[in-house]
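So the structure is just underneath, and the comments pick up after that.
Just so it is clear, none of the values below were taken in a lab; they were calculated from the coordinates. Predicted model only: the values in this text are computed from it and were never measured. With ideal geometry, Cβ positions are generated from the backbone for all residues, glycine too; neighbour counts draw on all protein chains shown.
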Amino acid sequence: MRNNKFISRFFLYCVLIQLPAVAKSQEEFTSMPTGRGQYALVSYVGGGLGMYAADAGTPQHLQTKLDKIKANFSMRIMWHPDHLLRFGLETGYMTFYSYTLTDSAGQRGKAALRAVPMLVEWSMALTRRFNIFAGSGIYLLTTDLNYITKTKSHKVSVGWMAAASYILPVSKNMGLGMELKYMDAAETSDGSIAFQLQWVWKFTKW
Amino acid sequence: MNQKMFIIISAVLFFVACKKDYQAPVPDLEWDLFNSSAASKLSDSIRQKIEGVYNIEEGQAGFGVASALKWSYTITGTDTSYFLSFFCAQDVSYIICEGKRLDSSILLNGYWRKMINTETGKVQLTISAENGAAAILSGRAITSLDTIKITGFYGFGNGVPGFPLQLRHVRPINKAKPFEIIAHRGGGRSSDLLPASENSAELIRLASKFGATGIEIDVRLTSDGVPVLFHDATLNERVIQKNGLLGPIENYTYAQLNTLVRLTNGERIPTLREALNAALFNTPLHYVWLDTKFKGSIQQVRDMQKEFLQKSDAMGRGLNISIGIPDEGVRDNFLLLKDYAITPAVCELSLQDVAVTHAGIWAPRWTLGLQNDEVNDIHAQGKKAFVWTLDTPENIEQYISKGNFDGMLSNYPSVVAYYYYAQQ
Amino acid sequence: MVHFNKHFQLPKALGVVMMIAFFQNSVLSQTVNTKHKFIYFPYPMDSKWRSSIGINLTTMPEDITEEFHYRIPAIDYHVNRKITNKIYLDGHVAVQILQNMITIGPRWATALSDRLSFSAGNDIGWWFGFVNVEGFKSRGNGWQNYPNASLGYRFQKNLFLSFKAEAIMNLGVQTHTGDVSVKSDERLFSGGSVTIALEQPFYKQKSLTLGFRAIYTNFYWQTWSLFENFDRNIFYPQIIIGLIL
């Protein structure tokens, strides 16, 4: 197990060291404005793992087993005008957390809290590769409950997000991004810190 | 100063601006003198003599210039506990005490609370022999020549009471015109930080201490048709402890709610039956307003209303229960009841809807004004008018002094009680 | 509040990369444009007028609107009028039709260094509202006072960051419901707010204000029609977006 960890880390170092070398051989993807009057649409598609960062609040009077680490996926389109500030939309799919439960009669159950964020976002390029994002909007929340019977229930919550990403250029219009983000559904006090790898593609320019 | 510092300051400011959690726990009521073996319970006749309107001679900064004192009780099994409530106008404050006799004095031990904020503290009061206890304990009637003075101290939090409080009896409480003081959501809202959660059986048992003579409770149906008490359309952290469950309460079965959901103070969501049992068997309340918050047939609620009205009659209890009609949908379902014409109901809609549904009570929103002409019309039909939901003390005073309503729904029944009982 | 599973750790290499990226200074060589556009940034005015139009969105707290955290928008118009070199008038209108707020007050602003600047001022505000639908026949109005101070930092590239702190003073709330009029005595020092605003060019010649205001008060004028009595400071987060004209 320790050897596998060492090997995967070594491989990651190699990838990170080599990528800039590859990119240098061509014009690089950059997060900064490319010139006055030049606009672009950029997509960010990514996935990764999130860790629930708030108080999960499982029923205290039952035996529960909490799972806070969940996969998440996001998709974002940003409009890059000819200045630093960008505007766009983000959506995705994530599970905040889930837990299994056992009541005093031995009956088992499971509950999961899932979300589809729909956010309006602003971002700024602080350097050619480093960006920060902040957004506000709604989270379409779903409870999946399986206890005695199955129940699926929905709620819309206001929410927000904040993120920082580092984009390694792959080509002139594409990059590989690493993003650390915090997603918060404010009405239900649910928050998750996620790390994602993203494919960044400047798919249209004018 | 550089860019990094500004990013850090921004982040700090952002996280500093966050929601504060407020609490108002009932203080620890330990008082050695009160709990000594020599202190004994007060009889009914003694208790009644203490009720009245009192001028506050010391402690006005905390509680205002006057207070109305009234007893209530809670029945738990075969035990009945009696509580003396002091209703004050200032900052919507009240004091709740238990009373005992110690030799020739009367001791009152309890706590005070301001409803507009979270201030609370202990209260320890005495009626000494020379200040009226001798007359009260003598068995004879109290006359205008008797002076009843309550003296003692109040404190903050669990601190030892050290601030003087003195009240002098000036007149009996007003009971001239019957007036229903109805506590919203069974006693108050969860945001009022009461000792129990809104729409819980536990809060219903406390409502009369806060000045209520009646309660309004919100009835919804689970997915398997069990009527339960719950105000909001969805499960949310305002009313329940966080558990990952959200969305309409109608999506969940009673078994799921009963096992997995706890209200903010830890109580279970009560069924309507449990709530009516609490109101009927554990309290002196004489009115229950069932605010119908669900779509569909209300036959089940009607059947339960009949059952508990009959139980109340059998006990000689005098509990009135009305089915609430808040909107046209519920009105239409109400009219589908075979016996709607004789079903006690409270209608929030127009006067015409009151006539169509044969509701015995019209309940307009207070924001439409006093509507004295309309209320007089209702009275001419032999019906009553309740107004909802007032919380601003200045408005409550105006509606009681200038209005003709027969009852008022409030999250602050104590201040309604003050203005009603202290009327001259 | 964040509990990391001890068996799950970010790869150290990625962690180092993130730290370097986060604290890297800007290296753009763009020179500062002399035609600065800002409305929140505390700085002596060059031109006679400055204005912006946009929206602000205030999220109502659970204590007030209970089940739903409504995000109530208001049209936001902001105008500055130069009086002298260092003094200008700041006027602000928030419009929700059924209820509206106007504030106006002087600002004294000065540059503390090449990048840092400061202003102090005091705004007087008046709000009014009327609701005449669905069980409501209410109107209300009130006066408020906002002593305030702002600190601004100008970055290299037309980027203006401002911090504004203000106290909220409640000078009385008057309400009328049907035939009943009541003047409520609210706490004089009703709370305060802190605003952080970032102003920069957005596209072509247009500049944008993006701001967040953390309001902490026991009476927020937009909630007058709910007749709440809570005497405790409650948090109202507000997002500000404005196009500088």
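Brief remarks follow.
- Share of alpha-carbon pairs per 5 Å distance bin for the range B:106-232, given as whole %: 2, 9, 13, 14, 14, 16, 13, 8, 5, 3, 2, 1, 0
- Reported value for the range C:158-240: 117 Å³ per residue, from the convex hull of its C-alpha atoms.
- Applying the Karplus relation 6.51 cos²θ - 1.76 cosθ + 1.60 with θ = phi - 60° to the range B:241-248 yields 3J(HN,Hα) values of 6, 4, 8, x, 9, 8, x, x Hz, where x marks Gly and Pro.
- Translational diffusion of the protein assembly as shown, µm² s⁻¹ [Kirkwood Rh, Cα pairs; Stokes-Einstein; 10 °C; 1.306 mPa s]: 52
- Reciprocal of mean inverse Cα separation for chain C (Kirkwood radius, Å): 20.2
- Pair-distance distribution of the range B:342-424: all C-alpha pairs, bin width 10 Å, starting at 0; shares per bin in whole percent are 19, 50, 27, 4.
- Rg and Dmax [Cα atoms of chain B; Å; Rg one decimal, Dmax integer]: 23.4, 83
- Inter-chain Cβ neighbour count for B:385-396, averaged per residue, equals 3 (cutoff 10 Å, partner chain atoms only).
- For chain C, calculated [θ]222 nm from helices alone, where every DSSP H run of n ≥ 4 adds -39500 (n - 2.57): -2000 deg cm²/dmol
- Using C-alpha pairs below 8 Å separated by at least 6 residues, the relative contact order for the range B:234-350 is 20 percent.
- Karplus 3J(HN,Hα) series, Hz, for the range B:216-221 with 6.51 cos²θ - 1.76 cosθ + 1.60 (x for Gly, Pro): 10, 10, 9, 10, 10, 10
- Across peptide C:130-139, the mean count of Cβ atoms from other chains lying within 10 Å of each residue's own Cβ comes to 3.
- Net +/- balance of residues flanking residue C:142 in space, Cβ distance below 15 Å, scoring K and R +1, D and E -1: -2
- Exposed-loop-free span, longest in chain A, where trypsin sites (Lys or Arg not before Pro) count as exposed if DSSP calls them loop and at most 15 other C-beta atoms lie within 10 Å: A:37-171
- For the peptide A:147-159, the mean number of other protein chain Cβ atoms found within 10 angstrom of a residue's Cβ is 5.
- Checking the cross-link pairs C:82/C:164; C:137/C:164; B:122/B:177 against a 29 Å limit on the alpha carbon distance flags C:137/C:164; B:122/B:177 as lying beyond it.
- Considering helices alone, the calculated mean residue ellipticity of chain B at 222 nm is -7500 deg cm²/dmol, with DSSP H runs of length four and up weighted by -39500 (n - 2.57) and normalised per residue.
- Once the gyration tensor of the Cα atoms in chain A is diagonalised, the equivalent ellipsoid follows with semi-axes of 38, 22, 12 Å, ordered largest first.
- Rounded to the nearest 0.05, the FRET efficiency derived from the C-beta distance between residue A:150 and residue A:197 at R0 = 30 Å is 0.35.
- Normalised size of the range B:296-361, defined as Cα radius of gyration per 2.2 N^0.38 Å with N residues, equals 1.11.
- Residue B:145 paired with residue B:315, simple spin-label distance in nm, labels 7 Å along Cα-to-beta-carbon: 4.3
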